[in-house]
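One structure is given here, and the rest of the page talks about it.
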Amino acid sequence: MKEYIPVLKRTQIFAGVGNDEIASMLLCLDAQLHHYKKGEYVLREGEHLSDIMILVNGRLLIQKDDYWGNRSILEQISMGEMFGEAYIAPESGPLLNDVAAAEDSAVIFLNAKRIMTTCSSACRFHTMVVQNLFFSISEKNRKIVRKLSHMSKRSIREKLISYLSEEATRQNSSSFTIPFNRQQLADFLFVDRSAMSNELSKMRKEGLLEFERNRFKLL
C-alpha cells in the first residue's frame, strides 16, 4: 500500500499530511487495498457501507441500470477521488447505484468510524483529516449542482453545449479531452446515443466544434 502514498498525499482528504503521517494513519484507519479488473463491480446497489473509499489507480463509474437494462452514468470517479461518504451515516440506507471499474483500478477502503472517532494515539493529523473530509464533501456537492445544470437543459444540443463549455473552462483550453466514450457521454447526459451523435455531427457542420473520439475543440 505504500506505493500509493504519493497519490494519497495529493488527495483532498489527506491535504497537508506528510508521507510518514499518512502511512501511520492508514494503520490507524484500518486501510484495506483492493484491485478490480475493467468491468468488475466495486460496489453494488443495495449494499450497506461502513467504509470511505479512495481511488488510487484507474477510473470508476457510478452508474444506474433500470429494470429493462438501460444504463445512466451519474458520475465518474478519477484517481485520487473519494467516494462512498454519502452512505456512512447510520440512517443513510443501502447504496442506490452501482460502482464499476471503467479500467483496471485500485481502491483503498478506510474505516469510516475510525475516521470520525479520535484514535487512541491521538495523532495530531486526525483532526485535519476530519476537516478535509468536510471540505471534500462540500466540493462533491458542488459537482452535483454542476451536473444538475447540464440536466436542466431541454435539448440534446443545450446539454452538450453546457457540458463541453464547462470542460473547456475547467481545463482552461478550447481543446480538451473528456473522460467518456460516446455511449458513456450519452449515458452521462441521459440522452439517446444516436440522437446525440447526430447532434454532434450537425454542430461540427455548423462550425461550432471539432472532435475526434473523446477529443474536442470548441470553435
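The values are calculated or read from the model by the stated rules, or taken from the named source; none is laboratory data. Every value quoted in this text rests on a predicted model; they were computed, and no experiment measured them. Counting neighbours? That spans all protein chains shown, and the Cβs are built from the backbone with ideal geometry, glycine included. Quick note on the areas: whole protein, heavy atoms, side chains included, nothing else; ligands and nucleic acids left out. Shrake-Rupley method; radii C 1.70, N 1.55, O 1.52, S 1.80 Å.
Would you call residue 55 within 16 Å of the chain's Cα centre (by Cα) and under 26 Å from residue 191 (Cα atoms)? Before the answer, list the steps.
Numbers: within 16 Å of the chain's Cα centre (by Cα): yes; under 26 Å from residue 191 (Cα atoms): no.
Criteria not met by residue 55.
Could you tell me which of the residues 182, 146, 213, 142 is farther than 18 Å from residue 62 by Cα and either surrounded by fewer than 16 Cβ atoms within 10 Å (Cβ to Cβ) or modelled with pLDDT under 95 (or both)? Reasoning before the result, please.
Details: 182 fails: farther than 18 Å from residue 62 by Cα; 146 fails: farther than 18 Å from residue 62 by Cα; 142 fails: farther than 18 Å from residue 62 by Cα.
Result: 213 is the single residue among 182, 146, 213, 142 that is farther than 18 Å from residue 62 by Cα and either surrounded by fewer than 16 Cβ atoms within 10 Å (Cβ to Cβ) or modelled with pLDDT under 95 (or both).
Give me a count of the residues in segment 194-209 that are open to solvent by less than 90 Å² (accessible area, probe 1.4 Å) and not aliphatic (A, V, I, L, M).
At the first step, the residues of segment 194-209 found to be open to solvent by less than 90 Å² (accessible area, probe 1.4 Å) are 194-197, 199-201, 203, 207-209.
From the residues that got through so far, the ones that are not aliphatic (A, V, I, L, M) too are 194, 197, 199, 201, 207.
Selection size over segment 194-209: 5.
Return the only residue of 129, 107 being under 22 Å from residue 59 (Cα atoms) and at pLDDT 80 or above.
Details: 129 fails: under 22 Å from residue 59 (Cα atoms).
Being under 22 Å from residue 59 (Cα atoms) and at pLDDT 80 or above holds for just one of 129, 107, which is 107.
Table: residues versus (1) open to solvent by 20 Å² or more (accessible area, probe 1.4 Å); (2) not in a strand (DSSP E or B).
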| residue | (1), (2) |
| --- | --- |
| 13 | no, yes |
| 17 | no, yes |
| 23 | yes, yes |
| 35 | yes, no |
| 42 | no, no |
| 46 | yes, yes |
| 53 | no, no |
| 56 | no, no |
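Under the condition of being part of a loop (DSSP other than H, G, I, E, B) and of a type in the set (Ser, Thr, Tyr), which residue from segment 79-117 is least open to solvent (accessible area, probe 1.4 Å)? Spell out the reasoning first.
At the first step, the residues of segment 79-117 found to be part of a loop (DSSP other than H, G, I, E, B) are 79-81, 84, 88-97, 102-104, 117.
In the following step, the residues that additionally are of a type in the set (Ser, Thr, Tyr) were identified as 92, 117.
Numbers: 92: 41, 117: 74 Å².
Selected residue: 92.
For residue 88, are the conditions met, namely being without any contact (Cβ under 8 Å) to a residue 40 or more places away in the chain and touching a Ser or Thr at 6+ places or on another chain (Cβ under 9 Å)? Full working, then the answer.
Working: without any contact (Cβ under 8 Å) to a residue 40 or more places away in the chain: yes; touching a Ser or Thr at 6+ places or on another chain (Cβ under 9 Å): yes.
Considered against the rule, which asks whether it is without any contact (Cβ under 8 Å) to a residue 40 or more places away in the chain and touching a Ser or Thr at 6+ places or on another chain (Cβ under 9 Å), residue 88 comes out as yes.
Find the residue count for segment 162-174, including only residues that are touching a residue at least 40 places away in the same chain (Cβ under 8 Å), closer than 24 Å to residue 194 by Cβ and more than 18 Å from the chain's Cα centre (by Cα). Spell out how you get there, then give the answer.
In the first step, residues of segment 162-174 are kept if they are touching a residue at least 40 places away in the same chain (Cβ under 8 Å); the result is 164-165, 167-168, 174.
Pick out the ones that are also closer than 24 Å to residue 194 by Cβ and you get 164-165, 167.
Then keep just the ones that are more than 18 Å from the chain's Cα centre (by Cα); that gives 165.
Residues in segment 162-174 being touching a residue at least 40 places away in the same chain (Cβ under 8 Å), closer than 24 Å to residue 194 by Cβ and more than 18 Å from the chain's Cα centre (by Cα): 1 in total.
Determine whether residue 176 is more than 30 Å from residue 29 (Cα to Cα) and open to solvent by 80 Å² or more (accessible area, probe 1.4 Å).
Details: more than 30 Å from residue 29 (Cα to Cα): yes; open to solvent by 80 Å² or more (accessible area, probe 1.4 Å): no.
No; evaluated as a whole, the condition is false for this residue.
Suppose we keep only residues that are under 20 Å from the mean Cα position of the chain (by Cα) and without any contact (Cβ under 8 Å) to a residue 40 or more places away in the chain within segment 145-158. Which one would you say is farthest from residue 213 (Cα to Cα)?
Within segment 145-158, the first condition is being under 20 Å from the mean Cα position of the chain (by Cα), and the residues that meet it are 145-151.
Restricting the remaining residues to those that are without any contact (Cβ under 8 Å) to a residue 40 or more places away in the chain gives 145-146, 148-151.
Working: 145: 27, 146: 24, 148: 25, 149: 24, 150: 21, 151: 23 Å.
For segment 145-158, the residue satisfying everything is 145.
Kindly evaluate residue 69 against the criterion of being small (Gly, Ala, Ser), on the phi > 0 side of the Ramachandran plot and either surrounded by 19 or more Cβ atoms within 10 Å (Cβ to Cβ) or in contact with a Ser or Thr (Cβ under 9 Å, 6 or more places away or on another chain) (or both). Spell out how you get there, then give the answer.
Details: small (Gly, Ala, Ser): yes; on the phi > 0 side of the Ramachandran plot: yes; either surrounded by 19 or more Cβ atoms within 10 Å (Cβ to Cβ) or in contact with a Ser or Thr (Cβ under 9 Å, 6 or more places away or on another chain) (or both): no.
The answer is no for residue 69.
Name the single residue that is least open to solvent (accessible area, probe 1.4 Å) among those in segment 1-11 being within 17 Å of residue 131 (Cα to Cα) and not in a loop (DSSP other than H, G, I, E, B). Outline the logic, then answer.
Filtering segment 1-11 for residues within 17 Å of residue 131 (Cα to Cα) gives 8-11.
In the following step, the residues that additionally are not in a loop (DSSP other than H, G, I, E, B) were identified as 8-9.
On the way: 8: 1, 9: 95 Å².
Filtering segment 1-11 for residues that are within 17 Å of residue 131 (Cα to Cα) and not in a loop (DSSP other than H, G, I, E, B), the one least open to solvent (accessible area, probe 1.4 Å) comes out as 8.
Looking only at strands (runs of 3 or more DSSP E) that fall completely inside segment 160-219, which ones have 2 or more residues that are touching an Asp or Glu at 6+ places or on another chain (Cβ under 9 Å)? Give the steps one after another, and end with the answer.
Working: elements: 175-177, 209-212, 215-218.
It comes to 175-177, 215-218.
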